[in-house]
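Peer 1: Take a look at the following structure, please.
The values are calculated or read from the model by the stated rules, or taken from the named source; none is laboratory data. Because the structure is predicted, anything quoted here is derived from the model rather than measured. Cβ atoms come from the backbone with ideal geometry, glycine included; neighbour counts cover every protein chain shown. Side chains are part of the model used for accessible areas, which takes the heavy atoms of the whole protein and leaves out ligands, DNA and RNA. Shrake-Rupley method; radii C 1.70, N 1.55, O 1.52, S 1.80 Å.
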Amino acid sequence: MTDMPHTDSATDRPTGLGGIPADWSSDQTAFKNVSWGKAMMWIFLLSDTFVFGSFLIGYMTVRMSTVVPWPNPSEVFALHIGGTEFPLLLIAIMTFVLISSSGTMAMAVNFAYRRNRKATAMLMLATAALGAAFVGMQVFEWSKLISEGARPWANPWGASQFGSAFFMITGFHGTHVTIGVIFLVIVVRKVLRGDYDNETPGFFTSRKGRYECVEIMGLYWHFVDLVWVFIFAFFYLW
Amino acid sequence: MVEFTPKAAGAVPPAEVPDVELYHPTNWWTKYVFSQDAKVIAIQYSGTAILVGLIALVLSWLMRLQLGFPDTFSFISAEAYYQFITMHGMIMVIYLLTALFLGGFGNYLIPLMIGARDMAFPYVNMLSFWIYFLAVLVLVSSFFSPGGPTGAGWTLYPPQAIMSGTPGGQDAGILLMLISLVLFIIGFTMGGLNYVVTVLQCRARGMTLMRMPLTIWAIFTATVMALLAFPALFVAGVMMLFDRLLGSSFFMPALVELGERLEYGGGSPILFQHLFWFFGHPEVYIVALPAFGIVSDLISVHARKTIFGYRMMVWAIVIIGALSFIVWAHHMYVSGMNPWFGFFFATTTLIIAVPTAIKVYNWVLTLWRGDIHFSIPMLFALAFIVTFLNGGLSGLFLGNVVVDVPLSDTMFVVAHFHMVMGVAPILAIFGAIYHWYPKIAGKMLDDTMGKIHFWITFIGAYAIFFPMHYVGLVGVPRRYPEIGDMSFVPESINELNAFISIAALIVGAAQVLFIFNLLWSIRHGKDSGGNPWRATTLEWQTPTTPPPHGNWGQNLPVVYRWAYDYSVPGADEDFLAQNDPWPDKPDGAQA
Ligand code: HEM
Ligand SMILES: [Cu+2]
C-alpha cells in the first residue's frame with residue numbers, strides 16, 4: 001500500500017491554512033465536516049451577494065447619471081415628533097431591531113445544538129417577531145412616503161430615481177426578511193414537534209430532520225441583516 | 001519505449017458520510033413526472049430544451065428566407081424579422097444551450113461521473129426543472145400575446161426595448177420575456193446550487209477533484225460562473241420591469257418620441273449594457289466550457305489516449321472562467337463608454353486567448369498518434385475543434401478596438417459568434433448525445449443516419465457561416481431585414497445570401513433526421529451493453545444500463561485512478577476503469 005495521495009480520515013488532516021490544499025486534494029468532500037445543506041446555503045448567499053451588489057451598483061450609477069439633484073435622505077427619512085425633527089429616527093430603530101434579531105438567532109442556534117427545544121423555539125420566535133416588526137416598520141415607512149407623494153416614477157424632493165431605487169431595493173430586501181420570517185416559523189414548528197430529535201423525514205425530501213437546519217436558517221438570517229447594513233450605509237447615510 | 005511499472009492502487013480513505021436517504025417514488029407521477037431522480041430530470045430538461053431549440057431553428061429559417069430572398073415573403077415584415085431575431089437569439093443561448101448543458105448534461109453526468117447516488121438536493125432539483133418549464137411556457141406564450149413577442153434584439157437594449165416603435169415594447173412581449181428570464185434564473189439557481197454542492201461534497205471514495213473527468217470540471221466551473229453572472233441579468237430584468245411597468249427611469253434618458261417628450265429622464269442606458277454584458281460574456285463561456293470538457297473526454301475515449309496535459313486543462317478551464325468576468329465591455333466598444341475602458345478590456349480579452357489556445361493545443365496533442373476511431377462522437381468532437389478554432393480566431397480580431405469598430409454590427413460579427421458559440425457548442429452537444437445515448441437508452445443510435453446527419457450539419461454549417469464573414473466584411477449590416485440600396489456592396493452579395501439561405505434550410509432539415517434517429521433507436525437501435533465505447537469513467541460502470549434509481553445498486557463505487565487510463569501497458573484491456581484497482585486485487589472495496 002504505497003502512494004497514498006490523501007490522508008486517511010477527516011480527523012488527522014493538517015490544521016490551519018495548510019489544511020486547505022489538503023482538503024481540496026482529498027476525495028469525497030472539499031469542505032470537511034461541512035454538511036451539504038450548509039455548503040448549499042453558503043453558495044446561495046454568495047450568489048445572492050451578487051444580486052444585492054448589482055442592485056446597489058445600479059442605484060449608485062443612476063444617482064450619478066441623473067441630472068436632477070438627489071434628495072437629502074436625512075430630511076426625507078425624518079420623523080416629526082412633538083414639533084422636533086429627528087433625522088433617520090425610524091431607520092435607526094429598524095436597524096437596531098434587525099441587528100438585535102441576529103443576536104437572538106445566534107443564541108437559538110446555540111440552544112439548538114444543546115437540544116434545548118423550548119429555548120430554541122422561544123429564541124427563534126423572538127427572532128421572527130423582531131423580523132416581523134422590521135417589516136412592519138418598513139410598511140409604515142413606505143406608507144408615510146407614499147402619502148407624502150413618493151412614487152417609483154416621481155417624488156416631490158428631487159431625482160425620480162430616488163423613489164425608484166428606494167422602493168426597489170428596500171422592497172427586495174423586505175421580501176428577503178419576510179421569506180426569512182416564514183421559514184423561521186416553519187422551523188420553529190418542527191423544533192417544537194421534536195422532528196429534529198426524532199429525525200423525522202421531511203415530507204418532500206425524505207431527508208432526516210437535524211438540528212443543523214436551525215443553523216442553516218441562521219446563516220440566511222445573518223446574511224439578510226448584513227445586507228441591510230450595506231443598504232443603510234449606501235442609501236440612507238450617503 | 002517508456003519504462004513502466006504499474007503503481008499499486010493504494011488505500012482509499014473510508015467513507016466520511018453515511019449513504020444518503022433517497023426519495024423513492026411511489027407512483028407513476030412521482031416516477032416520471034415530478035421525479036426527484038437526476039436522470040429523469042436531465043431527460044426532462046433536455047427534451048424541453050430541444051423542443052424550444054426547434055422553434056429557434058424554424059425562426060432562423062424564416063430569417064434566412066427573408067435575407068436570401070427579400071421581397072418574396074410578404075408575411076415577414078420588418079417587425080416580424082426583429083421578433084424572429086430576438087426570440088431566435090434568446091432561445092438558442094439561454095433556453096437551449098444553457099439549459100441543455102447544465103440542466104441536461106449536468107444532471108445526467110455529474111452524479112454518475114463522480115460516483116454519487118443522486119444530486120445533493122433532489123427535491124430542489126425537481127423544482128429547478130419545473131420552474132424552467134414555466135419559464136419556457138411564459139416565453140412561448142409571448143408568440144400568442146397581442147402584439148407578439150418582443151423585437152428588441154436578444155440584448156434587449158433600452159431605451160428601444162420598451163418603446164412603442166419596437167415590436168412588443170408597449171405590449172406584453174417585453175414583459176413576458178423579462179418575466180420568463182427572471183423565472184429561468186430562479187430555476188437555474190436551484191439547479192446550479194445542486195450541481196456545485198454535489199461536485200464539491202458528494203464525490204465517491206477515492207474521487208479527488210484532480211481525478212474528475214474534464215466534463216465535470218467544465219460543467220462545475222460553468223455552473224459557478226452562472227451563479228455569479230445571472231444575478232446581473234436578474235437585476236437588469238427587474239429594473240427594466242420597473243421602467244416599463246412603473247414608469248421609473250433606471251435605464252431611460254430624456255426622450256422625444258413622435259415629437260412628444262416622454263415622461264422618462266435621467267436614467268443610464270449604458271448601465272443596462274454593463275449589467276447585461278457582465279452576464280452576457282460569462283454566458284458565452286457558460287456554454288463553451290461544458291463543450292470544452294465534453295470534447296476533451298470524447299477525443300480521449302475515441303482516440304484511446306490519455307488526455308494531454310490534464311492539469312493544464314483543468315487550470316485553463318478555471319482561469320478562463322475567472323478571466324471571463326473582466327472582459328465584458330468588449331461588447332461595448334461602440335457604446336460611447338470611456339475609451340480607456342476599451343483599452344483595458346481589449347487587453348483582458350486578448351489574455352483569455354492564452355488558456356484557450358492551450359486547450360486547443362492539448363486537444364491536438366491528445367489526437368497526435370492516437371488510435372483514432374472515426375465514430376460519430378469523434379467526428380463531432382473533431383468538427384468542434386475546427387469550428388471553435390475558426391470562431392476563436394475571428395474573435396481575436398474583434399477583440400481589438402480598432403478592428404471591432406468598423407466590423408461591429410455587421411454580419412461579420414454574426415458569423416463570428418455563430419461559429420464560436422452557436423455551431424461549436426451545438427456540435428459538441430451532438431457528439432455528447434451520440435456518445436451518451438447508449439447509457440441513457442441502452443441502445444446505440446443508428447450509425448448511417450448519424451453519418452448523414454454529421455456530414456450535412458458540419459459541411460452545411462460552414463456553407464452558412466463561412467461566406468457570412470465575407471458578407472460582413474464588405475459591409476452588410478447585422479439586424480437588417482433587407483439591405484435596401486445596394487450601391488455600397490457588390491451585386492453578387494444577393495447570390496451569396498441566397499446560397500447561405502438554402503444551406504440553412506438543408507442543415508435544418510438534417511436535424512429532423514437526428515430527432516428521428518433519437519426516437520427510432522429507442523426501439524430499433526442495436527443493444528449497446530453497459531460500456532460500448534470501452535470508456536473508463538464511472539457512468540459506464542453502473543450495474544445496469546440505463547442506471548437504476550440510486551445509480552449504483554448496493555455498493556457505491558470506489559475510485560482508484562483518474563479518468564484517462566487508456567492503453568496502459570500491461571493491462572488486460574486498453575482501458576482501466578476508474579474503479580478498477582489494477583494491478584491490486586479489490587481492496588476494501590466492500591467496506
Ligand atoms: C442553423 C443554424 C442557425 C442559423 C441559420 C442562424 C441564423 C441566424 C440569423 C439569420 C440571425 C440574424 C442575423 C441578423 O440579421 O443580425 C441570427 C442571429 C443570432 N443567432 Fe443564429 N442561427 C443559427 C444557429 C444559432 C445558434 C446555435 C445559436 C446559439 C448561440 C444562435 C444564436 C444567435 C444569436 C445570439 C443571434 C443574435 C440575435 C440578435 O441579433 O439579437 N444561432 N442567427
Ligand atoms: Cu464577450
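Peer 1: Can you name the number of the only condition in (1) touching a Ser or Thr at 6+ places or on another chain (Cβ under 7 Å); (2) without any contact (Cβ under 8 Å) to a residue 24 or more places away in the chain; (3) buried (at least 23 other Cβ atoms within 10 Å of the Cβ) that residue B:302 fails?
Peer 2: (2)
Peer 1: At least 1 residues that are within 14 Å of chain B (Cβ to nearest Cβ) and of a type in the set (A, V, I, L, M) in each: list the helices (runs of 4 or more DSSP H) lying fully within region A:16-125 that qualify.
Peer 2: Fully inside region A:16-125 and qualifying: A:19-24, A:36-65.
Peer 1: Against the definition (of a type in the set (Asp, Glu) and surrounded by fewer than 14 Cβ atoms within 10 Å (Cβ to Cβ)), how does residue B:572 come out, yes or no?
Peer 2: Judged against the criteria, residue B:572 is a match.
Peer 1: Just to be sure, is residue B:264 crowded, with 16+ Cβ neighbours inside 10 Å, modelled with pLDDT under 95, away from ligand 1 (no atom under 16 Å from the Cβ) and under 19 Å from residue B:392 (Cβ atoms)?
Peer 2: The answer is no for residue B:264.
Peer 1: Looking at this structure, is residue B:272 within 30 Å of residue B:156 (Cα to Cα), within 16 Å of ligand 1 (Cβ to nearest atom) and assigned to a helix (DSSP H, G or I)?
Peer 2: yes
Peer 1: I need a count of the residues in region A:158-175 that are over 17 Å from residue A:65 (Cα atoms) and in contact with a helix residue (DSSP H, G or I) (Cβ under 7 Å, 6 or more places away or on another chain).
Peer 2: 6
Peer 1: Here is a further query. I need the full set of residues from region B:61-107 which are among the β-branched types (Val, Ile, Thr) and more than 11 Å from ligand 1 (Cβ to nearest atom), in order please.
Peer 2: Of everything in region B:61-107, those that are among the β-branched types (Val, Ile, Thr) and more than 11 Å from ligand 1 (Cβ to nearest atom) turn out to be B:72, B:76.
Peer 1: Quick one: is residue B:92 in a helix (DSSP H, G or I), touching a residue at least 60 places away in the same chain (Cβ under 8 Å) and open to solvent by 30 Å² or more (accessible area, probe 1.4 Å)?
Peer 2: Criteria met by residue B:92.
Peer 1: While we're on this one: For the subset of region B:245-276 comprising residues that are within 27 Å of residue B:226 (Cβ to Cβ) and in contact with a Pro (Cβ under 8 Å, 6 or more places away or on another chain), which member is nearest to the other protein chains (Cβ to nearest Cβ)?
Peer 2: B:268
Peer 1: Let me ask something else about it. Got a sec? Which of B:398, B:427, B:393, B:379 is on the phi < 0 side of the Ramachandran plot and within 14 Å of ligand 2 (Cβ to nearest atom)?
Peer 2: Of the residues listed, the single one that is on the phi < 0 side of the Ramachandran plot and within 14 Å of ligand 2 (Cβ to nearest atom) is B:398.
Peer 1: Could you count how many residues in region B:380-403 are crowded, with 19+ Cβ neighbours inside 10 Å and more than 18 Å from residue B:534 (Cβ to Cβ)?
Peer 2: 14
Peer 1: Still on this structure, please answer the following. Within region B:233-244, can you find the residues that are within 10 Å of another protein chain (Cβ to nearest Cβ) and either open to solvent by less than 30 Å² (accessible area, probe 1.4 Å) or not aromatic (Phe, Trp, Tyr) (or both)?
Peer 2: B:233, B:234, B:235, B:236, B:238, B:239, B:241, B:243 - these are the residues of region B:233-244 that are within 10 Å of another protein chain (Cβ to nearest Cβ) and either open to solvent by less than 30 Å² (accessible area, probe 1.4 Å) or not aromatic (Phe, Trp, Tyr) (or both).
Peer 1: For region B:95-149, give me the residue count where each residue is in contact (Cβ under 8 Å) with a residue 40 or more places away in the chain and part of a loop (DSSP other than H, G, I, E, B).
Peer 2: 9
Peer 1: Tell me, please, whether a residue that is assigned to a strand (DSSP E or B), more than 9 Å from chain A (Cβ to nearest Cβ) and not β-branched (Val, Ile, Thr) can be found in region B:161-176.
Peer 2: No.
Peer 1: From the list B:313, B:239, which one is touching a residue at least 24 places away in the same chain (Cβ under 8 Å), outside any loop (DSSP other than H, G, I, E, B) and in contact with a Ser or Thr (Cβ under 7 Å, 6 or more places away or on another chain)?
Peer 2: From the options B:313, B:239, the qualifying one is B:313.
Peer 1: Is it fair to say residue B:152 is part of a loop (DSSP other than H, G, I, E, B) and either away from every other protein chain (no Cβ under 13 Å) or at pLDDT below 95 (or both)?
Peer 2: yes
Residues are listed down the side, and each one gets a yes or a no for (1) open to solvent by 60 Å² or more (accessible area, probe 1.4 Å); (2) within 29 Å of the chain's Cα centre (by Cα); (3) touching a residue at least 40 places away in the same chain (Cβ under 8 Å):
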{"residue": "B:520", "(1), (2), (3)": "yes, yes, yes"}
{"residue": "B:533", "(1), (2), (3)": "no, yes, yes"}
{"residue": "B:536", "(1), (2), (3)": "no, yes, yes"}
{"residue": "B:552", "(1), (2), (3)": "no, yes, yes"}
{"residue": "B:557", "(1), (2), (3)": "no, no, yes"}
{"residue": "B:560", "(1), (2), (3)": "no, no, yes"}
{"residue": "B:565", "(1), (2), (3)": "no, yes, yes"}
{"residue": "B:579", "(1), (2), (3)": "no, no, yes"}
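Peer 1: Being within 7 Å of another protein chain (Cβ to nearest Cβ) and part of a helix (DSSP H, G or I) is the filter here, so list the residues in region B:195-232 that pass it.
Peer 2: Within region B:195-232, B:196, B:197, B:200, B:201, B:209, B:210, B:227, B:228, B:231, B:232 qualify.
Peer 1: Kindly check whether there is at least one residue in region A:105-128 that is farther than 17 Å from residue A:213 by Cβ, among the β-branched types (Val, Ile, Thr) and open to solvent by less than 50 Å² (accessible area, probe 1.4 Å).
Peer 2: no
Peer 1: If I go through region B:404-415 residue by residue, how many of them are within 23 Å of residue B:338 (Cβ to Cβ) and either touching a residue at least 12 places away in the same chain (Cβ under 8 Å) or buried (at least 21 other Cβ atoms within 10 Å of the Cβ) (or both)?
Peer 2: 6
Peer 1: Out of region B:182-194, which residues are within 19 Å of residue B:280 (Cα to Cα) and within 14 Å of chain A (Cβ to nearest Cβ)?
Peer 2: B:182, B:185, B:186, B:187, B:188, B:189, B:192 - these are the residues of region B:182-194 that are within 19 Å of residue B:280 (Cα to Cα) and within 14 Å of chain A (Cβ to nearest Cβ).
Peer 1: Can you report the number of residues in region B:99-137 which are surrounded by 24 or more Cβ atoms within 10 Å (Cβ to Cβ) and farther than 18 Å from residue B:197 by Cβ?
Peer 2: The qualifying residues number 6.
Peer 1: Let me confirm something: among A:193, A:151, which residue is within 25 Å of residue B:243 (Cβ to Cβ) and either surrounded by fewer than 20 Cβ atoms within 10 Å (Cβ to Cβ) or within 14 Å of another protein chain (Cβ to nearest Cβ) (or both)?
Peer 2: On inspection, the qualifying residue turns out to be A:151.
Peer 1: Quick test for you: out of B:452, B:433, pick the one residue that is part of a helix (DSSP H, G or I), touching a residue at least 60 places away in the same chain (Cβ under 8 Å), of a type in the set (Val, Ile, Thr) and open to solvent by less than 40 Å² (accessible area, probe 1.4 Å).
Peer 2: The match here is B:433.
Peer 1: Could you list, ordered by first residue, the pairs with Cβ atoms under 7 Å in which the first is in region B:462-487 and farther than 13 Å from residue B:67 by Cβ and the second is assigned to a loop (DSSP other than H, G, I, E, B), at least 6 apart or interchain?
Peer 2: Sorted first by the residue in region B:462-487, then by its partner, the pairs are B:474/B:489; B:474/B:490; B:475/B:488; B:475/B:489.
Peer 1: Here's a follow-up. Failed condition for residue B:364, given (1) within 14 Å of ligand 2 (Cβ to nearest atom); (2) surrounded by fewer than 17 Cβ atoms within 10 Å (Cβ to Cβ), with all others met?
Peer 2: Status for residue B:364: all satisfied but (1).
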